[in-house]
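Derivation of every value follows stated rules applied to the coordinates shown; laboratory data play no part. The structure presented is a predicted model; accordingly, all values stated were derived computationally and were not measured. Please note: Cβ atoms are built from the backbone with ideal geometry, for glycine as well, and neighbour counts cover all protein chains shown.
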Amino acid sequence: MDLIVFYLFATLAVIAALGVVALRNPVHAALCLAVVFISLAALYVLLSAPFVAAAQVMIYAGAILILFVFVIMLLSPGVDQGAGALKWQRPLAAVFGLALAVELILVLASAVLPAARGQYTPERLAQIGDVQAIGALLFTDFLLPFEITSLLLLVAMVGVIVLAKKRVRS
Amino acid sequence: MDLLNNLFVNLYDWLAGALHALAAGLNLVKDAENAIVAAVMSLVVIVVLLLWLVLMVLVLIWLERKNAARIQDRVGPNRVGPFGLLQPVADTIKMFIKEDIVPTNADRLVHTLAPIVVAAPAVLAFAVIPWGKGMFPVDLNIGVLWVVAVGSIGTIGIFMAGYGSNNKYSLLGGMRAVAQMVSYEVPQVLTIVAIVLMTGSLSLNKIVDAQSGWGGMQWYIFAFPVGPIAFIVYYLSALAEVNRTPFDIPEGESEIVAGHHTEYSGMKWGLFYVGEYFNFFLVCTIAVTLFFGGWQGPLLPPYVWFLIKVYALILLGMWIRMTWPRFRVDQLMGFAWKTLVPIALVNIILAALATPILKAIGLI
Amino acid sequence: MPDAQTLTLISPELLLSIFGLLILLVDVIWREKSQSALPWLAILGFALALAATLYIWGSNISLFAGMYMVDMFSLFFKVVASLAGILITLVSIDYLRQRTPYRGEFFAIFTFSILAMMLVASSASLLMIYLSIEFLSYTSYLLTGFLREDKKSNEAAIKYFLYGAVTSAVMLYGLSLLYGVTGSLNLTDIAAAFSATVDSTVRMIALVSTMLVLAGLGFKISLVPFHQWAPDAYEGAPTPVTAFLSVGPKAVGFAALLRVALTALPQWVLPAPPPAPVKEIPLVLAVVSIITMTLGNLIALRQTNVKRLLAYSSIAQAGYMLIGVVAVNLTGNSPFSGLNGILIYLFAYLFTNLGAFICVIAIENATGIVEIPEYAGLVKRAPLVAALFVIFFLSLAGIPPTVGFIGKFFVFGAALREGWLYLAAIGVINSVISVFYYFAVVRQAFFEAPKDATPIRLAPLVTLSLVVSAALVLAFAIYPQPLLNLAAWSMGMVK
């Protein structure tokens, strides 16, 4: 059952991700991105991380994507005609991209990733609750990155306002 | 009394039992039998829930029109059925048989998908609402987040409608709606955080259970000062989130025709319309669950209590709609970011500080 | 809540966060009245952070569940960061006054970027490395595009941002592979997981993911082929920011590279006893290093804008420093471990390159000149700047008696010790090439007649920082012992 759901959403995610890169209309690409985000959220649910799934939908599909869409509408770039780029860039990019893809697939397919399992098994998560587990980790082991992220977001916000706001001071 | 209190739970159990008995006749493996029964029962719940929601929407439409008429000193619908009760039904039939028009230069796929993307999440969100004691379709331990997350998908639908119609009014309305919904989602979620802080859980069932003291009257709205502040902020931002007057600039008819659904007709338009009422109903049920003890209450059966509270909030929303003029765009965004968000943030700090005290003096 | 000891050990970072926020707050509350005080607040913050770093000098401890190392290696970079912070703030006061009204935000963001440098240097987990490098990147993008009215500044920021976003995504993918293979974010645990398995495919994954990570770090360090942003970003950014970009991200890029290479991947990086062949990662780095220094130097020969010239020069310098990473070998008691070479080189490069940029700022501030032909006769107009230009260029080219020579000596020495003869040879040839373009500037300044002979008046703060960096460049060349000790101490982390 889980496997069926996994393949369903994994396929959907891959197809939509291809759509994001391949579609010429930026709005369509953005909508495909929404499908990718939501499919990923479904995969997180399968990994017994419903909190991450909900956060994924809320933040990525609900906020970040909307920002993308706003930027697209404000710039109204129209449909990409493929002009502008140097002629040899596309084929070259295709060759290199394909080479990298083949390399990665070969390497990753040949190896069984021997990663050690973490301490948070599905059973353990069901027992303590995944939200509680995330909360506890954020305020103990991951306290430093958590606080740094808040500073980072603050700086980004201040900077963006400085760069984008109307001239107020002379 | 007990029979009445647990009416729907008992019905569910009885049906599940009957199905088990039926399935037992097929001589299946125990696991397969359980899986089949569970699947059929979820299907039953889904169908019942959908029918119930459609019924609620019909009632809401009638109520809204009657109320509006009352406040504006008119009679309102009174021709179809007693007190015009069947008017929404007639309207629905009309919508079904109307021609479905897609503008020539519209982005067909996006245009067609938009109403579905708007209405479907609203229905999904109802899956976690505790309608009465033991009456919840699913108990997610992240219930509140589920509602918020699913609700944020609807925003994309509105954008799709605005963009896909290839009409400047649609696009303007769509962008307005998206900006507004994204902005008001922030205070809305932040007030929920205050409640979650007091409960210590994101599950809507646990939140309701936490309000069971005082014979079912220990509601968070009484948890002074956090609860009342949170409720006011929540309710205002919820009204804005569902684009109702005085926050209805996305479809301000005097400025941009009908906003994102200008180009829609027939059942597609109907889906937007129904979606709006789904959402309105949803935010009221959430408000009741978070602040008014959900189905908790003395004497009456839980589900009756729940409906009474929900309808009280709905009437409040209709009253506000009929008596307030529309905000201007900049006022609206300013109100969200400069008034509601700071209040909600302060309220979170208050909640963190006050929770131990409130617990000690027995307010929560 | 972390205990008092932890708080003491991260006090430099805490101080910088507090001062950054304080600058923002003071700027918001007092606005115009506070403008002249804000840079001094930043400088006070850097000075206190420097003092705090020296106070905890000698610590060697890992904090936050192994995520954060406070060791000599990181403290070394914290000293570098706070010194860079002080010098750059000093020279940006006058520069910004004429160019942007948002000086409070500038100094706040700049303080945070120095904080980010410190964080990168101490990071010992993949998560922290990524997060702090992103932190540094965001602040750098913002500072690069800070002159809103200036089209070049905007262009610089956009190019920088696009390159940065792509390379950091690639790096993140590499990090995720490392995590997937080893099941840990912690660098020491990753090393342990790698040494525990004998599976040959793990070696491939380690190699592939390291290459992907190298894309992100190479962008920060401006290695070829991730260097294209550098000339445009350097040219368009406000010049004090260019000075920062040329030393800050580069220094901590090396810090992160060394930390990952030596802590997480020692068995793929450190050389094995002689009969074993050269490992892949050093080999790749050697190739990158050769291309980087050669390309940087050759293109620099043709530049006429002094900021672009210094951009290509700094790309070439990154190539030299990379030799140290290639030749790193921590066994034995040789004074040429590679690691100390990089650290000394970075320290030397910090003052030298900053000094060169301060010269550029001094002239740009007074006259707006950034084109090399217009430097004609500079010695008559601003003798001090012209003279110091010579010192800094000597140091950049690695000619004694300057500190740049000592850096190159130790880096090339390590290459010779490890048998990378051709690498050292190419490095020396490149240094010779670099003399041509450095002294093209000097020739203009000393031997051409000025078109306009009016003397250039220097702002006192700029003069001060110029003299300080020049004095340091010469002082450490004459008495390099502290520098050698410093670098030797910093190596304690891996020994």
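Computed values, structure above
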quantity: FRET efficiency, 1/(1 + (r/R0)^6) with R0 60 Å, evaluated for B:Val329 and C:Leu283 via beta carbons; calculated: 0.50
quantity: Shielding of C:110-120 by partner chains, average beta-carbon count, 10 Å; calculated: 2
quantity: Of B:His261, B:His111, B:His20, the one that fluctuates the most in a GNM where chain B has Cα springs shorter than 10 Å; calculated: B:His20
quantity: Neighbourhood charge, 15 Å Cβ-Cβ cut-off, centred on C:Phe226 and excluding it, Lys, Arg +1 and Asp, Glu -1; calculated: +2
quantity: Radius of gyration, Dmax [the protein assembly as shown; alpha carbons; angstrom]; calculated: 32.9, 108
quantity: Of B:Lys268/B:Lys338; B:Lys66/B:Lys98; A:Lys87/B:Lys168; B:Lys168/B:Lys309, those spanning more than 29 Å from alpha-carbon to alpha-carbon; calculated: B:Lys268/B:Lys338; A:Lys87/B:Lys168; B:Lys168/B:Lys309
quantity: Sum of side-chain charges, A:Pro145 neighbourhood, beta-carbon under 14 Å (Lys, Arg +1; Asp, Glu -1); calculated: -4
quantity: Ascending count of other beta-carbon atoms within 10 Å, so fewest first, for A:Phe139, B:Phe272; calculated: A:Phe139, B:Phe272
quantity: Computed over chain A: relative contact order in percent, which uses C-alpha pairs under 8 Å that are six or more apart; calculated: 17
quantity: For the range B:1-97: relative contact order, % (alpha-carbon pairs under 8 angstrom, 6 or more apart); calculated: 14
quantity: Reachable lysines, given that their alpha-carbon falls under 16 Å from the alpha-carbon of C:Lys152 and they are not under 8 places away in the same chain; calculated: C:Lys307
quantity: Axial C-alpha extent at least 20 Å, average Kyte-Doolittle at least -1.0 - helices from chain A (DSSP); calculated: A:2-22, A:26-46, A:89-110, A:143-164
quantity: Fluctuation leader among B:Thr191, B:Thr92, B:Thr289 - chain B, Gaussian network, Cα springs under 10 angstrom; calculated: B:Thr92
quantity: Order of C:Arg259, C:Arg103 under a 10 Å beta carbon neighbour criterion, fewest first; calculated: C:Arg103, C:Arg259
quantity: Under Karplus coefficients 6.51, -1.76 and 1.60, residue-wise ³J(HN,Hα) of the range C:403-410 in Hz, glycine/proline x; calculated: 6, x, 5, 5, x, 4, 4, 6
quantity: Helical contribution to [θ] at 222 nm, DSSP H n ≥ 4, -39,500 (n - 2.57), averaged over chain B, rounded to 500; calculated: -23000 deg cm²/dmol
quantity: Overall form of the range C:35-178 per C-alpha gyration tensor (a/c, 1.5; a/b vs b/c); calculated: oblate
quantity: Förster radius 41 Å - calculated FRET efficiency between A:Leu92 and C:Ser195 (Cβ-Cβ, nearest 0.05); calculated: 0.55
quantity: Proximal aspartates and glutamates relative to B:Lys133, as straight alpha-carbon distance under 18 Å, when same-chain residues fewer than 8 apart are discounted; calculated: B:Asp2, B:Asp13, B:Asp209
quantity: Two-site label geometry, B:Val138 and B:Ile320: point separation in nm, points 7 Å out along Cα→Cβ; calculated: 2.9
quantity: Chain lengthening between C:Ala169 and C:Gln5 when straightened (0.36 nm per residue, less Cα-Cα); calculated: 55.5 nm
quantity: Chain B: DSSP helices with Cα axial extent of at least 20 Å and average Kyte-Doolittle hydropathy no lower than 1.0; calculated: B:7-24, B:30-71, B:108-125, B:143-164, B:168-199, B:226-241, B:266-291, B:302-323, B:341-361
quantity: Partners for C:Lys220 among aspartates and glutamates (Cα-Cα distance below 12 Å; same-chain residues under 8 apart left out); calculated: C:Glu134
quantity: Candidates A:Gly135, A:Gly97, A:Gly62, ranked by Gaussian network fluctuation over chain A, Cα under 10 Å, top entry; calculated: A:Gly97
quantity: Environment charge at B:Gly76 (Cβ cut-off 9 Å; Lys +1, Arg +1, Asp -1, Glu -1); calculated: +4
quantity: Backbone N within the range B:132-167 under 14 Å of label point (7 Å from B:Asp13 Cα along the Cβ vector); calculated: B:133-135
quantity: Cα centroid of the range B:195-210 to Cα centroid of the range B:113-183, whole Å; calculated: 23
quantity: Prolate/oblate/rounded label for the range C:270-495 (Cα gyration tensor, a/c 1.5); calculated: prolate
quantity: Isotropically averaged projected area of the range B:1-97, using the convex hull of Cα atoms (one quarter of hull area), nm²; calculated: 10.3
quantity: Flagged links, alpha-carbon separation over 28 Å, of A:Lys166/C:Lys33; C:Lys151/C:Lys380; C:Lys159/C:Lys250; calculated: C:Lys151/C:Lys380
quantity: Helix-only [θ]222 nm of chain C, DSSP H runs n ≥ 4, -39500 (n - 2.57) each, per residue, nearest 500; calculated: -25000 deg cm²/dmol
quantity: Sequence-separation-based contact order of the range C:39-162, relative, with Cα cut under 8 Å and 6+ spacing, percent; calculated: 24
quantity: Neighbour-count ranking [beta-carbon atoms within 10 angstrom, fewest first] of B:Val329, A:Val36, C:Val385; calculated: B:Val329, A:Val36, C:Val385
quantity: Computed E for B:Val29/B:Leu113 - FRET, C-beta separation, R0 45 angstrom, nearest 0.05; calculated: 0.65
quantity: Value of [θ]222 nm, deg cm²/dmol, for chain A, DSSP H segments ≥ 4, -39500 (n - 2.57) each, nearest 500; calculated: -23000 deg cm²/dmol
quantity: Computed label-point distance, nm, for sites C:Glu155 and C:Trp40 using a 7 Å Cα→Cβ extension; calculated: 3.9
quantity: Three-way shape label, chain A, alpha-carbon gyration tensor, a/c 1.5; calculated: oblate
